[in-house]
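I have placed the structure first, in the form of structure tokens, so that the comments after it can refer back to it.
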Amino acid sequence: MAKIIVVTSGKGGVGKTTSAAAIATGLALRGNKTVVIDFDVGLRNLDLVMGCERRVVYDLINVIQGEAGLNQALIRDKRTENLHILPASQTRDKEALTAEGVEKVLDTLSREYDFIVCDSPAGIEHGAQLAMYFADEAIVVTNPEVSSVRDSDRILGLLASKTRRAERSEPPVREHLLITRYDPSRVTSGDMLTLEDVREILAINLVGLIPESEAVLRASNQGVPVVHDMDSDAGQAYADTVSRLLGEDVPLRFHEYQKKGLLSRMFGGGRR
Amino acid sequence: MKLLEFLKRERKKSASVAKERLQIIVAHQRGERDQPDYMPMLQQELLEVIRRYVQVDQDAININLDSDNDCSILELNVTLPRDEQGRPG
Ligand SMILES: Nc1ncnc2c1ncn2[C@@H]1O[C@H](COP(=O)(O)OP(=O)(O)OP(=O)(O)O)[C@@H](O)[C@H]1O
Ligand SMILES: [Mg+2]
């Protein structure tokens, strides 16, 4: 039985796809059979971040509608063993995504994999609700900013009421807070919510803190999930996040402002 | 003197304003989360009934549902405007 993890946020553009790609890759690098599914029908992005856009033939909707088998749609990751990608449809409309169809796909995958990571679309409508419906755990991606935190709280409300676990009165979906695009220098100057602020307001367990990082854009330019770039702060922060998801106790990094010394300013070293 | 005061009274940092606003927003959202689905409709219809008799604002009415183990209490608070003599209008 696989563990189903949804990466969700409510607000758009906060780093769900970046995080789903990095975390799924990180889980696979640690030896877990992992599949990452794009639920963003009509606006697929995961294939680009994973660098497999030219190998997409069939997608999730094709599978649900019986136009292709699951094995025809799954893409094997080129770099990482144990990792597959199930892309979303670029052309079909969102209504083709049915709960019964998704359940069947997840049930089948569940027999083969250790982890199923679902990359949710933004919003709180059909697609986002379906992405979270079957989840065992949820990673709530939040930027330290007012509208993102408010939307994350809305999502927590949905996780507690609109999921299969909630409807069946099973143990609730395990919620994890992932703060992304954190900028310690702006926190120090008092213009960005601190991680303690966000944690206190949302009152859920912090699973990771990803700094604002140039490495993320570099990674998405190349179609290589940032967790492969272990020289970068964001790559290390995602690797730490994966360790915590696997139950390890890892100290937090990259949350303190490091004033650049003269030498690193001259030679451009230090934080990358 | 003025300068000293100015230096002492540091500008309120925008992040702490954000935090205060969020605490209020989230408390409000969580209050709504636990209430039954019919509450917004009930509040709207109650408001309409009251308005047949007294002109009150949308925010003059406040309804709350408290649940104990064995019973629930629906609490309704309406702030009535006063007329010129100071009697409830
Ligand atoms: N830690 C980070 N540092 C810098 N840029 C980042 C970081 N995380 C994400 N970004 C950038 O933010 C943008 C949005 O990221 P991403 O596509 O992962 O968000 P999303 O939540 O999946 O968006 P959508 O809601 O549209 O699906 C991208 O350009 C990405 O490169
Ligand atoms: Mg996305």
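The values are calculated or read from the model by the stated rules, or taken from the named source; none is laboratory data. These numbers come from a predicted model, not from an experiment. Cβ: placed from backbone, ideal geometry, glycine included. Neighbour counts: every protein chain shown. What goes into the accessible areas is simple: the full protein's heavy atoms, side chains included, and nothing from ligands, DNA or RNA. Shrake-Rupley method; radii C 1.70, N 1.55, O 1.52, S 1.80 Å.
Rounded to the nearest 20 debye, the dipole size of region A:139-190 about its Cα centre is 160 debye, using +1 on the Cβ of Lys and Arg and -1 on the Cβ of Asp and Glu. From largest to smallest, the equivalent ellipsoid semi-axes obtained for region A:1-66 from the alpha-carbon gyration tensor read 18, 17, 13 Å. Place a point 7 Å from Cα of A:Gln258 in the direction of its Cβ. Which residues in region A:217-241 have their backbone N less than 11 Å from it? What the label zone holds, given the 11 Å backbone N cut-off, is A:232-234. Each part reduced to its alpha carbon centroid, region A:153-193 and region B:56-71 end up 28 Å apart.
Dimensions of region A:1-153 from C-alpha coordinates, computed as largest minus smallest value along each principal axis and given longest first, are 42, 35, 30 Å.
Using only the alpha-carbon atoms of region A:118-272 as identical scatterers, what base-10 log of I(q)/I(0) does the Debye formula give at q = 0.13, 0.17, 0.20 Å⁻¹? Per q value, in the given order, log10 I(q)/I(0) is -0.67, -1.09, -1.37.
Across the cross-link table entries A:Lys16/A:Lys259; A:Lys11/A:Lys78; A:Lys16/B:Lys12; A:Lys11/A:Lys94, which are compared at the Cα atoms, the separations over 21 Å belong to A:Lys16/A:Lys259; A:Lys11/A:Lys78; A:Lys16/B:Lys12.
Above 27 Å, the calculated P(r) of the protein assembly as shown contains 55 percent of its Cα-Cα pairs.
If you add up the charges near B:Leu46, with Lys and Arg at +1 and Asp and Glu at -1, over every other residue whose beta carbon is less than 13 angstrom from its beta carbon, what do you get?
-1
Pairing chains B and A buries close to 1400 square angstrom of accessible surface in total, based on protein heavy atoms and a 1.4 angstrom probe. Anyone know which of A:Pro121, A:Pro225, A:Pro251 comes out most mobile in the 10 Å Cα GNM of chain A? The residue with the greatest mean-square fluctuation here is A:Pro251. A Gaussian network model of chain A, with springs between Cα atoms under 10 Å, assigns the largest mean-square fluctuation among A:Thr34, A:Thr188, A:Thr25 to A:Thr188. The angle between the Cα long axis of helix A:233-245 and the longest principal axis of the Cα atoms of chain A comes to about 50 degrees, rounded to the nearest 10.
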